[in-house]
Amino acid sequence: MGQKMLMKGNEAIAEAAIQAGCRFFFGYPITPQNQIPEYMSKRLPKIEGGCFLQAESEVAAINMVYGAAGAGARVMTSSSSPGISLKQEGISYIVGAELPCVIVNMVRGGPGLGSIQPAQSDYYQSTRGGGHGDYRMLVLAPSSVQEAVELTQLAFDLADKYRNPVLVMGDGLIGQMMEPVEMPDYHKDESLPEKTWAATGWKEGCGRDRAVINSLYIDPSVLEKHVNHLYEKYAVMESAECRWQEEMTDDADYVIVAYGTTARIARSAMRKLREEGIKAGLIRPITLWPFPNAPIARAAEHAKAFLTVEMSMGQMVDDVRLAVDGKKPVHFFGRTGGIVPTVREIITQVENLAKEGK
Amino acid sequence: MEAQFLIAGFGGQGVLLIGQLLAKAAMHEGMNVSWMPSYGPEMRGGEANCAVVISDEPIGSPLVTEIPIAVIMNKPSMIKFTPAMEKGGIMLYNSSLIDITPDRDDITAIPVDCNGIAEALGNSRTANMVMLGAILAKTGVVSIDSAMEALKATFGPKKEHLLPINRQAMEKGAECVK
Amino acid sequence: MAIVYEKTKVLTDTPLHYCPGCTHGIIHRLVAEAIDELGIQDRTVGIAPVGCAVFAYNYFNCDMMEAAHGRAPAVATGCKRVNPNNIVFTYQGDGDLASIGAAEITHAATRGENITVIFVNNAIYGMTGGQMAPTTLPGQVTTTSPYGRDPALCGYPIRVSEMLATLDGPAYISRVSVHDVKHILDAKKCIKKAFETQIAGKGFSMVEVLSSCPTNWGMTPREALNWLEANMIPRYPLGVKKEVG
């Protein structure tokens, strides 16, 4: 661990990526994530072999990522909600061609141009595919700048491990806020396989097969086999890569489920509820896909009810309901459009549940 | 212990720097801190503000919506943030540029003659440090020494010669609220 | 018996799927021969398009990537930036390059991206079944311009080579045709020149190849080549549009 520094989330993510060996960044300006490309444009040209390129569009940027990943590089792009929508085409191709890359989404309020303030209304888009076809992305949701650093570095390893894009999902608050950061000494996972599949130049007898980076499988039976292969990988991810944090859930009557920015506000609410004598607990999904069903199912055995809190009209709450499986009531509280819920609002929600004995 | 600040003014008055120095100093004193700026088009209009939270516990929301301590450097910011003050809150305001007082009788308003003191010291650019000194004296959240360490790190070697005048500004600011 | 002609080793043995009389096969061969003669097979990466040439990755015997519709220049950019020593080419049709991919080709060109673009212009969408392309001639009948392309309704065809030649980034741009032997030999020279431009590190190079589509034009192969010569060349004049010394 290095020295503690006060860093802006966006800049910390960019530096963490560089520390993790990312040497290529392709992006397009959009608020509230501009400090990521700005930081990359300053740092990457000073590093041997590094390249920052401002693309002509989000669409071009994600396809540059496709080309760089196909050539075997650690590569990243970042954007915010409307830009991520534009990238969905490329993301689908990247999944289909089994290329590793890291995509950062600093989510803002939508739909449409929406606002530039923090939101979590891209949960469906992130966890259900987003682009066309049968696929999943690993989705990591940091709730502090320090965690954003750690998850960005993890994202590169996971992308290489599974040959699948990994999405780091923050919001305007995670991106714009400054918090103390200790930049970890990054050590690449030595068990990661070599990228012998990359297109780097080939001829007969050079020791590997000709590389074809491709997502086209015109024969339906071959495509079905390919998609089944992808889903075998997803099954492994579901069993090996679920991450979450639990606080005071053991004896909790009311379990709050929240992620990212919302989770840190929910944590403050939970502590104050405990002071009032209401047994509240918190489950914070760190991976949004795969979704941590297990701790929620466990809590459903003894809790009276769940409250899902999101900066949206209720998207993750669907996953919470699937995990609770009808055993207990699942309530929802959300603010949207770029409004961040307050501690007081969450406390009131839980107090009302307790009063009504729900 | 948790202290929450909302610091607001014109862009160029150094309000973001006041916030960063508070956060950095508290970080060096071992506290949890967060600094959250306003961002986007509202900044283009010349207004700037940031929220700083300092706590010995993990910080929940880095936003400050019911303001316990407001630091107000210009008149539009006073008008904008007075309604958001917490009952019993403290508002330190730059009386050099603000010719009104907040229209609330349930908060404590403390005038600080930031620009006047800075000009008397011979460097009008230290008005924000006068205010920082006043904040430190009023809240005791971090020491002047820690704030100076943070400023030194921010300035770097090129601006090191400006440290003494900034320290004087902080000390004068502290005196005027004692 | 002496061997008088051999297929270049830069094409695989996979049989081409193109229609009878289609000139893609000739253009594939010209590109592959250029790569072979320049001795760059082992460092070449090709980017295939969406369109009739979508399976180009099965035919070119080098490392290949398949790009989304129109995005080949962006994919090539990412690839080339990672490994500048690779020789990277895209192979794109007119719907792919001049319509949905107009932004990507323009910006790759203006950046002077050190890649080679083989742009096959047959004035129609082939793979999807003969719809109007950005290069379809005024009056030309297609499945989406059944009364002939009406410029009042949908504008005029784009002369991509001339347009890109106005930019500062490109180092070499030329337009060639493959409707007869003489022109095929010229096309070969220009394609080779384009790759040489990249090898020399001069920047963006593109060869626009006028090509026929007997199936979707509703002609015999012979008629199609005649139609190309009589109608396309006047609209799309051949020659070098830009060459930086």
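The values are calculated or read from the model by the stated rules, or taken from the named source; none is laboratory data. Remember, predicted model here, so these are calculated numbers, not experimental data. With ideal geometry, Cβ positions are generated from the backbone for all residues, glycine too; neighbour counts draw on all protein chains shown. Areas reflect the complete protein model, heavy atoms only, side chains present, ligands, DNA and RNA absent. Shrake-Rupley method; radii C 1.70, N 1.55, O 1.52, S 1.80 Å.
Observations on the structure shown:
- Residue within the range A:107-117 that is assigned by TED's automatic domain parsing to the domain that holds A:GLN35 and within 16 Å of the chain's Cα centre (by Cα) present: yes
- Residue match in the range C:222-245 (condition: outside any helix (DSSP H, G or I) and buried (at least 23 other Cβ atoms within 10 Å of the Cβ)): no
- Conditions (1) within 28 Å of C:ASP42 (Cβ to Cβ); (2) away from chain A (no Cβ under 14 Å): number failed by C:ILE158: (1)
- Restricting the search to strands (runs of 3 or more DSSP E) fully inside the range C:41-150 and requiring at least 3 residues that are out of contact with any Lys or Arg (no Cβ under 9 Å at 6 or more places or on another chain) and modelled with pLDDT of 95 or more gives C:44-48, C:87-93, C:116-121.
- Residue match in the range A:210-218 (condition: touching a Ser or Thr at 6+ places or on another chain (Cβ under 6 Å) and either crowded, with 19+ Cβ neighbours inside 10 Å or farther than 30 Å from C:ALA67 by Cβ (or both)): no
- Which numbered condition B:PHE10 misses (of (1) in contact (Cβ under 8 Å) with a residue 60 or more places away in the chain; (2) crowded, with 19+ Cβ neighbours inside 10 Å; (3) under 23 Å from B:THR108 (Cα atoms)): (2)
- If you check C:GLY70, C:GLY21, C:GLY51, C:GLY78 for being touching a residue at least 60 places away in the same chain (Cβ under 8 Å), buried (at least 24 other Cβ atoms within 10 Å of the Cβ) and touching a helix residue (DSSP H, G or I) at 6+ places or on another chain (Cβ under 9 Å), only one passes: C:GLY51.
- Strands (runs of 3 or more DSSP E) contained in the range B:32-97 and holding at least 1 residues out of contact with any Pro (no Cβ under 8 Å at 6 or more places or on another chain), away from every other protein chain (no Cβ under 11 Å) and open to solvent by 60 Å² or more (accessible area, probe 1.4 Å): B:85-94
- Of the residues A:TYR186, A:TYR135, the single one that is assigned to a loop (DSSP other than H, G, I, E, B), surrounded by fewer than 24 Cβ atoms within 10 Å (Cβ to Cβ) and touching a Gly at 6+ places or on another chain (Cβ under 6 Å) is A:TYR135.
- Selection count, the range A:10-49, where residues are of a type in the set (Gly, Ala, Ser) and within 10 Å of another protein chain (Cβ to nearest Cβ): 1
- Which numbered condition A:THR127 fails, given (1) closer than 30 Å to C:ASN83 by Cα; (2) away from every other protein chain (no Cβ under 14 Å): (1)
- Applying a threshold of 7 Å to beta carbon distances and a minimum spacing of six or more residues, or different chains, the list of pairs starting in the range B:131-157 at a residue that is aromatic (Phe, Trp, Tyr) and ending at one that is part of a helix (DSSP H, G or I) reads B:PHE155/B:LEU162; B:PHE155/B:LEU163.
- Matching residues in the range A:28-54 - criterion: being open to solvent by less than 40 Å² (accessible area, probe 1.4 Å) and either farther than 27 Å from B:SER38 by Cα or out of contact with any strand residue (DSSP E or B) (no Cβ under 8 Å at 6 or more places or on another chain) (or both): A:ASN34, A:LEU44, A:ILE47, A:GLY50, A:CYS51, A:LEU53
- Neighbours by Cβ (under 7 Å, 6+ apart or cross-chain): first from the range C:101-114, at the interface with chain A (Cβ under 9 Å from one of its Cβ atoms) and without any contact (Cβ under 8 Å) to a residue 60 or more places away in the chain; second surrounded by 24 or more Cβ atoms within 10 Å (Cβ to Cβ) and of a type in the set (D, E, K, R): C:GLU104/C:ARG71
- The sole residue among A:GLU194, A:GLU179 that is under 30 Å from B:PRO58 (Cβ atoms) and out of contact with any Cys (no Cβ under 6 Å at 6 or more places or on another chain) is A:GLU179.
- Cβ separations smaller than 7 Å between residues 6+ apart or across chains give the following pairs from the range A:256-268 residues that are closer than 15 Å to A:VAL320 by Cα to residues that are outside any loop (DSSP other than H, G, I, E, B) and open to solvent by 10 Å² or more (accessible area, probe 1.4 Å): A:ALA258/A:ARG284; A:TYR259/A:ARG284; A:ALA263/A:ARG284.
- In this entry, A:MET76 is excluded by the filter for residues that are open to solvent by less than 10 Å² (accessible area, probe 1.4 Å), in contact with a Gly (Cβ under 6 Å, 6 or more places away or on another chain), more than 9 Å from chain C (Cβ to nearest Cβ) and of a type in the set (A, V, I, L, M).
- Single residue of C:THR135, C:THR144, C:THR106 found to be of a type in the set (S, T, N, Q) and surrounded by 24 or more Cβ atoms within 10 Å (Cβ to Cβ): C:THR135
- Looking only at the range A:84-100, and only at residues there that are open to solvent by 10 Å² or more (accessible area, probe 1.4 Å) and away from chain C (no Cβ under 12 Å), the one that is nearest to the chain's Cα centre (by Cα): A:SER85
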